[in-house]
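What follows is one structure encoded as structure tokens, with my remarks underneath.
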Amino acid sequence: KRSIAVMTSGGDAQGMNSVVRAVVRTAIFKNCQPFAIMEGYEGLVRGGPDYITPLKWEDVSGWNAIGGTNIGTARCMKFKEREGRLLGCFHLIQAGIDALIVCGGDGSLTGADLFRAEWPSLVSELLKTKKITQEEAQTYESLNICGVVGSIDNDMCSTDATIGAYSALSRICEAVDYVEATAASHSRAFVIEVMGRHCGWLALMAGISTSADFIFIPEEAVNPGTWRDEMCETISRHRKRNKRTTIVIVAEGALDRDLNPVTANDIYKTLVDRLKLDTRITTLGHVQRGGSAVAYDRVLATLQGVEAVNAVLDSVAGSASPIITVSENKIMRKSLVDSVKLTKSVASAIAAKDFGKVLSLRDPEFIE
Ligand code: F6P
């Protein structure tokens, strides 16, 4: 009987509980023993029954409707060191686990694949230092890993949607609709800052959904000399059509072409100084990650959790890890390493100001 562990790592996202629920129930259905690793990689490093816990079918009842992650998450520095990964390897072997499903963003998933690649050398070190027996070293000679992408930012190449993105988008839209009502009453402008350190998906989609007047995202850096004129010209045009509200949505990672941040304060000052608009700033912050998942994320997380269990059971010992994606509405397995590499090259192209490259990297043909 195989033992399959599941963990959530990095920033939480709505739908993570549905992944855990689906993994637990599919594992039981396939006659495997599911475990939860509590508090992300921190739980692996600490080990023991408080952090590596077997789960039963009924333990995850009702989890589809609960936001956040019930098994905890953390950003763990110790797992970035070999020493931390050695402890993680020991604790998994102690618990009899040889397959791990990680739900998190690109950093968490890269860590998972590194752990898989390093696993044989970690096992031999544990054997050499007599922490494990020869028999254990043989039984646990490889670790199967599978990634599921959980992030509100929708910031992973090769999947159309990360788990949590549509829930966060929906939360943003609700908040902007609320703001519209008060903005209209006072004929005010609002600058709304949304999450997205490197990725403007939330800002762009929220802008389209709420018919915002202007949007700033990291991938389309604005011209530092002209963006103020362009924004004011657009907003004035809208105001001349008797529009009583102005909504500007800015991603927290928005940049100009000189790589200076375009901040909510910059935008606020421009609207006040140039257009004399009565303006307020609303930073939505962690409200975007809160609340329960929308139906789409619950379904996506469930289908991907099921497929993750299938993928680890199909994995050939030592082979590279898959991630579960959704592409053209189909749940698929893709290479974890390639997807992360492509995602990082988009982020570094932004950092290197190569915006032409950003656009071509996002071209689906390039991605495939
Ligand atoms: O989950 C990613 C993200 O939402 C980013 O967009 C944001 O910058 C970050 O998390 C904030 O996370 P925290 O404050 O929890 O570290």
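A single entry from 125, 81, 141 fulfils the requirement of being within 24 Å of residue 347 (Cβ to Cβ) and not hydrophobic (A, V, I, L, M, F, W, C): 81. What are the pairs with Cβ atoms under 6 angstrom where one residue, in the stretch 319-333, is open to solvent by 20 Å² or more (accessible area, probe 1.4 Å) and the other, located anywhere, is assigned to a strand (DSSP E or B) and hydroxyl-bearing (Ser, Thr, Tyr)? Sequence gap at least six, or different chains. Pairs found: 332/325. The residues of the stretch 203-235 that are under 21 Å from residue 260 (Cβ atoms) and within 15 Å of the ligand (Cβ to nearest atom), listed by number, are 203, 204, 216, 217, 218, 219.
Per-residue answers, yes or no, for (1) open to solvent by 20 Å² or more (accessible area, probe 1.4 Å); (2) under 25 Å from the mean Cα position of the chain (by Cα); (3) under 24 Å from residue 265 (Cβ atoms):
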{"position": "151", "(1), (2), (3)": "no, yes, no"}
{"position": "166", "(1), (2), (3)": "yes, yes, no"}
{"position": "184", "(1), (2), (3)": "yes, no, yes"}
{"position": "189", "(1), (2), (3)": "no, no, yes"}
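Just one residue in the set 15, 10 is open to solvent by less than 10 Å² (accessible area, probe 1.4 Å), within 15 Å of the chain's Cα centre (by Cα) and either in contact (Cβ under 8 Å) with a residue 60 or more places away in the chain or farther than 24 Å from residue 161 by Cα (or both); that residue is 15. Selection over the stretch 119-134 of residues that are without any contact (Cβ under 8 Å) to a residue 12 or more places away in the chain, charged (D, E, K, R) and on the phi < 0 side of the Ramachandran plot gives a count of 1. Of all residues in the stretch 191-202, those that are within 14 Å of the ligand (Cβ to nearest atom) and open to solvent by less than 10 Å² (accessible area, probe 1.4 Å) total 5. Within the set 143, 126, the sole residue that is away from the ligand (no atom under 16 Å from the Cβ), open to solvent by less than 20 Å² (accessible area, probe 1.4 Å) and touching a Lys or Arg at 6+ places or on another chain (Cβ under 8 Å) turns out to be 143.
Taken together, 308, 264 contain a single residue that is open to solvent by less than 50 Å² (accessible area, probe 1.4 Å), of a type outside the set (Lys, Arg), touching a strand residue (DSSP E or B) at 6+ places or on another chain (Cβ under 6 Å) and over 30 Å from residue 63 (Cβ atoms), which is 264. Restricting attention to the stretch 40-90, the residues that are in contact with a Ser or Thr (Cβ under 7 Å, 6 or more places away or on another chain) and within 25 Å of residue 114 (Cα to Cα) total 5. Quick check on the stretch 224-243. Is at least one of its residues touching a Leu at 6+ places or on another chain (Cβ under 8 Å), surrounded by fewer than 19 Cβ atoms within 10 Å (Cβ to Cβ) and among the hydrophobic types (A, V, I, L, M, F, W, C)? Yes, because at least one residue in the stretch 224-243 is touching a Leu at 6+ places or on another chain (Cβ under 8 Å), surrounded by fewer than 19 Cβ atoms within 10 Å (Cβ to Cβ) and among the hydrophobic types (A, V, I, L, M, F, W, C). Here residue 284 fulfils each of the conditions (1) within 14 Å of the ligand (Cβ to nearest atom); (2) modelled with pLDDT of 95 or more; (3) farther than 17 Å from residue 179 by Cβ apart from (3).
Within the stretch 338-349, the set of residues being in contact with a helix residue (DSSP H, G or I) (Cβ under 6 Å, 6 or more places away or on another chain) and in contact (Cβ under 8 Å) with a residue 40 or more places away in the chain comprises 340, 343, 346. Taken over the stretch 102-117, the criterion of being open to solvent by less than 10 Å² (accessible area, probe 1.4 Å) and modelled with pLDDT under 95 is satisfied by 109, 112, 115. If you check residue 298 against the conditions, is it of a type in the set (Lys, Arg), open to solvent by 10 Å² or more (accessible area, probe 1.4 Å) and touching a strand residue (DSSP E or B) at 6+ places or on another chain (Cβ under 9 Å)? Judged against the criteria, residue 298 is not a match. Could you tell me which residue of the stretch 69-84 is nearest to residue 125 (Cα to Cα), considering only residues that are of a type outside the set (Lys, Arg) and open to solvent by 100 Å² or more (accessible area, probe 1.4 Å)? The selected residue is 83. Considering the stretch 1-101, the qualifying strands (runs of 3 or more DSSP E), each wholly inside and each with 1 or more residues that are modelled with pLDDT of 95 or more and within 16 Å of the ligand (Cβ to nearest atom), run over 3-8. Applying a threshold of 6 Å to beta carbon distances and a minimum spacing of six or more residues, or different chains, the list of pairs starting in the stretch 269-284 at a residue that is farther than 17 Å from residue 238 by Cβ and ending at one that is modelled with pLDDT of 95 or more and open to solvent by 30 Å² or more (accessible area, probe 1.4 Å) reads 281/268; 283/193.
Against the test of being basic (Lys, Arg) and at pLDDT below 95, the options 197, 228 yield a single qualifying residue, 197.
The values are calculated or read from the model by the stated rules, or taken from the named source; none is laboratory data. Small disclaimer: the values here were computed from a predicted structure and weren't measured. Cβ atoms come from the backbone with ideal geometry, glycine included; neighbour counts cover every protein chain shown. Note: areas computed on protein heavy atoms with side chains; ligands, DNA, RNA excluded. Shrake-Rupley method; radii C 1.70, N 1.55, O 1.52, S 1.80 Å.
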